[in-house]
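The values are calculated or read from the model by the stated rules, or taken from the named source; none is laboratory data. The structure displayed is predicted, hence computed values, not measured ones. Positions of Cβ are backbone-derived with ideal geometry, glycine not excepted, and every protein chain shown enters the neighbour counts.
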């Protein structure tokens with residue numbers, strides 16, 4: 001699981017990132033990001049009810065994605081750049097097909113470009 005210090009908690013900050021942030025597009029997710037002044041990069045996941053009808057499905061994807069981000073950050077920690085970002089990850093596809101492997105592959109490719 002991703003520690004709390006790596007999560008964006010304020011919805012106002014998420015809205016700001018969605019309005020002003022730069023954009024990366026992946027196969028299953030889109031990323032909007034802005035540099036922050038903190039010592040760590042922080043993440044938030046937004047999953048629309050358009051792609052996952054029930055809260056159970058949305059929370060399942062969100063938990064899988066947070067777990068994947070935690071694993072990616074552990075493996076990439078020595079290679080991280082000095083610039084840290086606030087990152088909002090937006091789901092682009094239907095929920096039932098998203099497994100750990102698909103989530104990890106897509107997020108790793110986008111985060112390698114970013115970090």
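Could you list all residues from segment 1-37 that are surrounded by 12 or more Cβ atoms within 10 Å (Cβ to Cβ), more than 12 Å from residue 66 (Cα to Cα) and out of contact with any helix residue (DSSP H, G or I) (no Cβ under 7 Å at 6 or more places or on another chain)?
Across segment 1-37, the qualifying residues are 13, 14, 16, 17, 18, 21, 22, 30, 35, 36.
List the strands (runs of 3 or more DSSP E) inside segment 1-83, counting only whole elements, that have at least 1 residues being more than 16 Å from residue 112 (Cβ to Cβ), in contact (Cβ under 8 Å) with a residue 12 or more places away in the chain and within 16 Å of the chain's Cα centre (by Cα).
29-36, 42-46
Could you please find all residues in segment 33-57 being closer than 27 Å to residue 84 by Cα, out of contact with any strand residue (DSSP E or B) (no Cβ under 6 Å at 6 or more places or on another chain) and modelled with pLDDT of 85 or more?
37 - this is the single residue of segment 33-57 that is closer than 27 Å to residue 84 by Cα, out of contact with any strand residue (DSSP E or B) (no Cβ under 6 Å at 6 or more places or on another chain) and modelled with pLDDT of 85 or more.
Tally up the residues in segment 72-97 that are out of contact with any helix residue (DSSP H, G or I) (no Cβ under 6 Å at 6 or more places or on another chain) and at pLDDT below 80, please.
16
Taking the residues in segment 98-115 that are over 20 Å from residue 34 (Cα atoms) and surrounded by 17 or more Cβ atoms within 10 Å (Cβ to Cβ) as candidates, determine which candidate is modelled with the lowest pLDDT.
98
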